[in-house]
Amino acid sequence: MTRWGTEVMHRPQQLVTAFDGALTALAADMVATMRAAQGVGLAACQIGEDVAMFVFDCPDESGRYTVGVVCNPTLTLPEGRDRRLDADDEGCLSFPGAFVECARPDWAAVDGFGLDGEPVHFEGDGLLARCLQHETDHTFGTVFGDRLATKALKKLTKAHDKVAADYPPEWPVGAESDA
């Protein structure tokens, strides 16, 4: 798992231009890694790939799961009176084992392209809204720590440091064999 501080995590990713077998294989590897890490979403940069793509398998507010792959995502968030923030705990597989409150809009939609190059659209509330925002952020070089106040970032870092030994560089073990 690529960690925060690695260059690929902190810059916009390259747009997908070839929707081919290599992209499909990358998506399969990403899904295996996400599941091995028990995550709900994973961006390509989190496994060191400079590709504007993410995968997810995540429930919404009602518990209904949505599974998808999005290449070249664009995010739509509510504005004005429709904008309500959900201040819930958030974590990142690239800064594992730590969670801290991060306010985000309680609804989000993402448009992009699937593995076949055809347009895709996903939207949702609850954890799904948070996931769509978090993973789209990754494709633009933003980690959720960038959205935190100094005090919250210190709290997150302290929590991460306490459990860092539980997440060695090769974590999650078994991702390659699950693909």
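The values are calculated or read from the model by the stated rules, or taken from the named source; none is laboratory data. Since this is a predicted model, take the numbers as computed values, not measurements. Every residue, glycine among them, receives a Cβ derived from its backbone with ideal geometry; neighbour counts consider all protein chains shown.
Just checking: which of the strands (runs of 3 or more DSSP E) contained wholly in segment 64-179 hold 2 or more residues that are farther than 24 Å from Arg11 by Cα and more than 13 Å from the chain's Cα centre (by Cα)?
Numbers: elements: 65-76, 85-92, 95-105, 107-113, 119-125.
Where strands (runs of 3 or more DSSP E) fall fully within segment 64-179 and carry at least 2 residues being farther than 24 Å from Arg11 by Cα and more than 13 Å from the chain's Cα centre (by Cα), they are 65-76, 85-92, 119-125.
Mind telling me which of the residues Leu93, Leu115 ends up being under 21 Å from Met30 (Cα atoms), surrounded by 16 or more Cβ atoms within 10 Å (Cβ to Cβ) and touching a strand residue (DSSP E or B) at 6+ places or on another chain (Cβ under 6 Å)? Don't jump to the end; show me each part of the working.
On the way: Leu93 fails: touching a strand residue (DSSP E or B) at 6+ places or on another chain (Cβ under 6 Å).
Just a single option satisfies the conditions, and that option is Leu115.
Kindly evaluate Ala28 against the criterion of being free of Cβ contacts under 8 Å to residues at least 40 places away in the same chain, over 29 Å from Asp161 (Cα atoms) and small (Gly, Ala, Ser). Steps first, answer last, please.
Values: free of Cβ contacts under 8 Å to residues at least 40 places away in the same chain: no; over 29 Å from Asp161 (Cα atoms): yes; small (Gly, Ala, Ser): yes.
In short, no.
Being crowded, with 21+ Cβ neighbours inside 10 Å and at pLDDT 95 or above, is that true of even one residue in segment 76-87? Let's see the steps before the verdict.
Residues of segment 76-87 that are crowded, with 21+ Cβ neighbours inside 10 Å, as a first pass: none.
The answer is no; no qualifying residue exists.
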